1. Quickly run through the range 174-190 and pick out the residues that are closer than 19 Å to residue 138 by Cα and either assigned to a helix (DSSP H, G or I) or hydrophobic (A, V, I, L, M, F, W, C) (or both).
2. Residue 113 versus (1) in contact with a helix residue (DSSP H, G or I) (Cβ under 7 Å, 6 or more places away or on another chain); (2) aliphatic (A, V, I, L, M); (3) within 30 Å of residue 180 (Cα to Cα): which is the lone unmet condition?
3. Looking at (1) out of contact with any Pro (no Cβ under 6 Å at 6 or more places or on another chain); (2) within 17 Å of residue 248 (Cβ to Cβ), can you tell me which one residue 147 breaks?
4. If we only count strands (runs of 3 or more DSSP E) wholly inside the range 60-139, which ones have 2 or more residues that are at pLDDT below 95?
5. Within the range 63-111, how many residues turn out to be within 23 Å of residue 173 (Cβ to Cβ) and under 16 Å from the mean Cα position of the chain (by Cα)?
6. State which residue pairs qualify: first residue closer than 14 Å to residue 104 by Cα and in contact (Cβ under 8 Å) with a residue 12 or more places away in the chain and inside the range 37-61, second residue hydrophobic (A, V, I, L, M, F, W, C) and surrounded by fewer than 15 Cβ atoms within 10 Å (Cβ to Cβ) in any location, beta carbons under 8 Å apart, and separation of 6 or more residues or different chains.
7. Find the residue count for the range 46-59, including only residues that are part of a helix (DSSP H, G or I) and farther than 27 Å from residue 229 by Cβ.
8. Suppose we filter 99, 113, 68, 95 for residues that are over 20 Å from residue 227 (Cβ atoms), in contact with a Ser or Thr (Cβ under 8 Å, 6 or more places away or on another chain) and not acidic (Asp, Glu); which single one remains?
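The values are calculated or read from the model by the stated rules, or taken from the named source; none is laboratory data. Bear in mind the structure is a predicted one, so any value in this text is a computation, not a measurement. In this analysis, Cβ positions are derived from the backbone assuming ideal geometry, glycine residues included, and neighbour counts consider all displayed protein chains.
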Amino acid sequence: MKFLHRRGPYLRCLAILLALGSPLTLPTFVQAFDRIPTAVAPVPRSESWWIAQHEHTLARIRQGGVDLLMIGDSITQGWSAEGRHVWSTYYGHRLAVNLGFSRDCTEHVLWRLNHGEIDGIAPRLAVVMIGTNNIGARRDPPEETAAGIQAILSTLRTGLPDTKILLLGVFPRGASGDDPLRQVTVAINNLARTYADNKQIFFLDLSPLFLDNQGRLAQHLMPDYLHPNEQGYQVWADGMEDMLSRLLGEHQHKDKRRS
């Protein structure tokens with residue numbers, strides 16, 4: 001019982017995935033939730049722009065020819081705005097599709113993935129970063145947000161069994177390291193990194209690239225202490241490029257050309 005008390009948040013987080021039939025490995029001992037958190041229950045949003053964006057996304061997915069997915073919220077959607085020039089340089093030739101929807105939480109991404117956004121495609125890689133709205137808009141506990149992230153990974157593994165997944169740590173937010181939301185973000189990332197098996201799911205935390213040596217968020221990269229500007233997207237792309245290229249199999253092609 002003492003063990004369960006100490007590990008309660010982690011075990012409760014994994015209990016959700018057991019209830020969802022997750023293919024991810026679960027420990028023998030899990031503790032039942034007294035409720036199913038909002039973060040793991042797929043639900044759409046009602047705004048007209050969101051519905052229209054979902055329909056537009058489905059139209060692109062039906063066209064096929066998708067090698068790379070970017071899945072997330074407004075930070076990911078920003079590749080089409082502040083980060084559009086960086087996107088064009090790094091991903092324009094890679095058959096990439098942006099599945100970032102502003103203000104989405106984990107449950108909204110789950111709904112989208114279960115309603116056509118990964119149907120009929122077989123991308124080589126899906127990049128996932130989600131969770132900041134769970135903690136910013138709703139103040140979800142870190143273990144509940146992490147459970148939502150794990151449910152997304154489970155959905156991707158089931159729907160895209162041959163696709164590698166690069167899970168990014170949630171980007172830091174708040175000006176300083178003692179900001180309460182920053183601390184929750186760190187807790188989420190500490191859970192999320194344990195989901196990587198380094199076979200299909202890989203984890204990368206780019207947080208240090210946006211912080212100085214005292215943990216302060218670089219405002220010249222994220223002016224509102226949350227969303228990157230164009231320079232911030234450049235830092236993101238540079239920091240992710242080596243792993244992304246390897247997971248896309250591009251390094252193998254380069255090695256073959258050299259031999």
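1. First, the residues of the range 174-190 that are closer than 19 Å to residue 138 by Cα: 174, 179-189.
If the condition is that a residue be closer than 19 Å to residue 138 by Cα and either assigned to a helix (DSSP H, G or I) or hydrophobic (A, V, I, L, M, F, W, C) (or both), then 180, 181, 182, 183, 184, 185, 186, 187, 188, 189 are the ones that fit.
2. Here residue 113 meets the rest and fails (3).
3. (2)
4. Details: elements: 68-72, 96-100, 125-129.
Because the criterion is at least 2 residues that are at pLDDT below 95, no strands (runs of 3 or more DSSP E) in the range 60-139 meet it.
5. Of the residues in the range 63-111, the ones within 23 Å of residue 173 (Cβ to Cβ) are 70-84, 86-87, 98-110.
When the remaining residues are screened for being under 16 Å from the mean Cα position of the chain (by Cα), the result is 70-79, 98-110.
Result for the range 63-111: 23.
6. Matching pairs, first to second residue: 44/51; 45/51.
7. Kept after step one, since they are part of a helix (DSSP H, G or I), are these residues of the range 46-59: 48-59.
Then keep just the ones that are farther than 27 Å from residue 229 by Cβ; that gives 48, 51, 55, 58-59.
Of the residues in the range 46-59, 5 are part of a helix (DSSP H, G or I) and farther than 27 Å from residue 229 by Cβ.
8. Values: 99 fails: over 20 Å from residue 227 (Cβ atoms); 68 fails: in contact with a Ser or Thr (Cβ under 8 Å, 6 or more places away or on another chain); 95 fails: in contact with a Ser or Thr (Cβ under 8 Å, 6 or more places away or on another chain).
That would be 113, the only listed residue that is over 20 Å from residue 227 (Cβ atoms), in contact with a Ser or Thr (Cβ under 8 Å, 6 or more places away or on another chain) and not acidic (Asp, Glu).
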